[in-house]
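The structure appears right after this line, and notes come after that.
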Amino acid sequence: RARNKNKAEDRVNANKFKQMVYVLEDEMESWEASRGQDTDYNPLWPYMALILGGFCGLLSLLWFLHIILYMLVSPHASLFLNAYFIQFEAWFPLFGTLSVALFSFYLIACVISGIFKVGLRCFCVTLHPMRYGKTLMNAFMFNSMWILFCSIPVVMFATEAFDSYARYTTISNILGVQVKYLKFFRYFFMDNVF
């Protein structure tokens, strides 16, 4: 038992060391870029990051309001984003589909960002950083596995969030009818776990 305990402590310490090295390398790259020694530095990047951050903040606010107004309140207080998507059906349905894709892609992008943040702060998990030009194949495969695992709940959440807009679609039929009444999952839906 003592040897297994020592192995676990060594593993945790090794993960801490890897994470500290990763953070230090990241800070070194930022320092080189700020001193002008980085040859790949783009001066427009901070402005693009500011615009992207504002856009993502707006999407987060819309998701938050939609969850409160449509998903948490029973009966629904408002259709909110569903009404926005449905109004496109009258004149150009592709915009509604693209809007749903944008909100769903934003959710999966948040999941990816969360995977990297949690993986960086959790010492019991081996660090698998994703950096341009420096990502190892095992890190790429590990992170791809987690993204694939998380894509199913994201699709299910988006289907429930936009069920008024996607009421006659195949995914609504699969997740809203067939999966909802499977023997194992039926109890989760009865108790509103999802």
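Brief remarks on what is shown
- Counted over all Cα-Cα pairs of region 44-150, pairs farther apart than 22 Å make up 52 percent.
- Mean Cβ neighbour count within 10 Å, used as a protection proxy, ranking 99-111, 70-82 highest first: 99-111, 70-82
- The chain: DSSP helices with Cα axial extent of at least 15 Å and average Kyte-Doolittle hydropathy no lower than 1.0: 45-66, 93-121, 137-161
- A quarter of the convex hull surface defined by the alpha-carbon atoms of region 123-183 gives 7.0 nm² as the mean projection.
- Largest first, the three principal axis extents of the alpha carbons in region 1-102 are 63, 51, 21 Å in whole numbers.
- Taking a straight line from the alpha carbon of K117, these lysines sit under 16 Å away, with near neighbours fewer than eight places off in the same chain left out: K16, K18.
- Sequence ranges 15-25, 180-190, 1-11, ranked by mean other-Cβ count within 10 angstrom, highest first: 15-25, 180-190, 1-11
- Along its three principal directions, the equivalent ellipsoid of the chain from the Cα gyration tensor extends over semi-axes of 38, 27, 14 Å, largest first.
- Neighbourhood net charge (15 Å Cβ-Cβ; Lys/Arg +1, Asp/Glu -1) for M130: +1
Taken together, the values in this text are just the output of simple stated rules run on the coordinates, not laboratory data. These figures come from a predicted structure and were not determined experimentally. Neighbour counts are summed over all protein chains in view; Cβ atoms, including those assigned to glycine, are modelled from backbone coordinates with ideal geometry.
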